[in-house]
Amino acid sequence: MIEHIRMNNVQRFTGYGTLYDENRPTAPQEVVKLVTTYLRRKPQTVVDVGCGTGLSTFLWLNEAERVIGVEPSDDMRAVALAKWEAIGKPDKLQFVKGFSHQLALPSASADIVTCSQSFHWMESQSTLREFARVLRPGGVFAAYDCDWPPAFDWKIEEQYLRLAALGDARMAELAPDEQQARKWNKNEHLQRIRESGLFRYSREIVFHHWEMCDAARYANIAFSLGGLQTALKLGADELHAEVAAFRELVAQAFADEERPVLFCYRMRLGIV
């Protein structure tokens with residue numbers, strides 16, 4: 001059953017890797033500062049699991065001796081590899097196909113394991129056992145996520161949440177039970193880390209990051225939501241009108257200008 005869910009979760013991200021990469025926020029530098037502070041040494045090996053298009057993987061390129069992005073989706077990984085090729089294929093960085101519960105790494109070989117907006121797609125028990133296996137003593141696991149929607153305007157945020165709910169509802173109606181993806185509650189990440197008994201210390205850290213954003217990007221962040229994309233792939237064509245109305249509302253608010261938008265993050269970490 002779990003294996004079936006894993007494959008459905010991978011399929012959910014098929015077909016919009018470029019849209020995702022061009023509009024989702026790049027992991028902020030605060031991630032490196034926080035995680036390396038808890039590691040208390042310069043990392044040799046960083047493993048970014050469920051790395052998608054590499055938005056959080058490239059962050060470590062100049063911070064560690066070896067960086068590995070692990071991603072089961074061929075579409076997402078292809079975008080990451082194209083970016084890797086564009087910067088000259090650095091040997092210290094690689095992207096591999098794999099799942100969180102079966103990392104092709106020796107035991108005690110990694111200093112840091114990260115999950116950027118991906119841990120909620122993973123079955124936690126088998127995943128945390130695998131992370132604890134590959135981490136060196138004192139190593140850090142960090143799962144961090146954005147709060148959606150980005151903070152900007154309450155009317156836009158209200159419609160963002162409405163559009164997301166419509167997409168999820170139509171996806172649930174149109175997708176056969178055997179094709180349903182599953183995500184676990186982000187608010188329970190810290191509890192699962194603690195209940196695993198695999199980490200000597202754990203906590204939650206909250207931080208934020210300002211980015212400049214225009215109307216097209218803000219609207220596309222909503223358009224890149226997995227539930228909405230899946231519903232559209234399954235034939236919910238009526239949602240195109242909802243997306244168009246949302247784009248118009250966002251365009252009015254931004255008034256052809258770039259504006260600062262706040263991305264709020266929550267990090268749950270564990271020390272082995």
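How do the pairs read when you match residues in the range 57-71 that are closer than 16 Å to ALA27 by Cα with residues anywhere that are among the acidic types (Asp, Glu) and open to solvent by less than 20 Å² (accessible area, probe 1.4 Å), using Cβ under 6 Å and keeping only pairs 6 or more apart or on different chains?
Going by the 6 Å Cβ cut-off, the qualifying pairs are THR57/ASP48; GLY69/ASP48.
Just the residues that are over 15 Å from the mean Cα position of the chain (by Cα) and touching a residue at least 12 places away in the same chain (Cβ under 8 Å), please, taken from the range 35-56. Full working, then the answer.
Taking the range 35-56 as the starting set, the residues that turn out to be over 15 Å from the mean Cα position of the chain (by Cα) are 35-46.
Scanning the range 35-56 gives VAL35, THR36, TYR38, LEU39, ARG40, ARG41, LYS42, PRO43, GLN44, THR45, VAL46.
Hey, can you tell me all the residues within the range 63-87 that are open to solvent by 60 Å² or more (accessible area, probe 1.4 Å) and at pLDDT 95 or above?
GLU65, ARG66, GLU85, ALA86, ILE87, listed by residue number.
I'm checking my understanding of the structure. Among residues of the range 116-141 that are closer than 22 Å to THR53 by Cβ and part of a helix (DSSP H, G or I), which one is most open to solvent (accessible area, probe 1.4 Å)? Quick ask: steps written out before the conclusion?
Taking the range 116-141 and keeping what is closer than 22 Å to THR53 by Cβ, we get 116-122, 127, 131, 141.
If we keep only those that are part of a helix (DSSP H, G or I) as well, we get 119-121, 127, 131.
Details: PHE119: 5, HIS120: 16, TRP121: 42, THR127: 1, PHE131: 0 Å².
Looking at the filtered set, the residue picked out is TRP121.
Mind checking which pairs have a first residue in the range 14-34 that is closer than 21 Å to CYS264 by Cα and at pLDDT 85 or above and a second that is of a type in the set (A, V, I, L, M) and assigned to a helix (DSSP H, G or I), Cβ under 6 Å, 6 or more apart or different chains?
ASP21/VAL79; ASN23/ILE221; ALA27/LEU59
Count, please, the residues in the range 227-242 that happen to be on the phi < 0 side of the Ramachandran plot and open to solvent by 10 Å² or more (accessible area, probe 1.4 Å). Steps first, please.
As a first pass, look at the range 227-242 and keep what is on the phi < 0 side of the Ramachandran plot: 227-234, 236-242.
Remaining after also requiring open to solvent by 10 Å² or more (accessible area, probe 1.4 Å): 229-230, 232-234, 237-238, 240-242.
Within the range 227-242, residues that are on the phi < 0 side of the Ramachandran plot and open to solvent by 10 Å² or more (accessible area, probe 1.4 Å) number 10.
Looking only at the range 178-188, decide whether some residue is without any contact (Cβ under 8 Å) to a residue 24 or more places away in the chain, loosely packed, with under 15 Cβ neighbours inside 10 Å and within 23 Å of the chain's Cα centre (by Cα). If you could, list the steps in order and put the result at the bottom.
As a first pass, look at the range 178-188 and keep what is without any contact (Cβ under 8 Å) to a residue 24 or more places away in the chain: 187-188.
If we keep only those that are loosely packed, with under 15 Cβ neighbours inside 10 Å too, we end up with 187-188.
Remaining after also requiring within 23 Å of the chain's Cα centre (by Cα): 187-188.
Within the range 178-188 (the criterion being without any contact (Cβ under 8 Å) to a residue 24 or more places away in the chain, loosely packed, with under 15 Cβ neighbours inside 10 Å and within 23 Å of the chain's Cα centre (by Cα)), the answer is yes, since at least one residue qualifies.
The values are calculated or read from the model by the stated rules, or taken from the named source; none is laboratory data. Predicted, not measured: the structure shown is a model, and the values here were computed from it. Note: ideal-geometry Cβ built from the backbone for every residue, glycine included; neighbour counts use all protein chains shown. Calculation scope for accessible area: heavy atoms of the full protein, side chains included, ligands and nucleic acids excluded. Shrake-Rupley method; radii C 1.70, N 1.55, O 1.52, S 1.80 Å.
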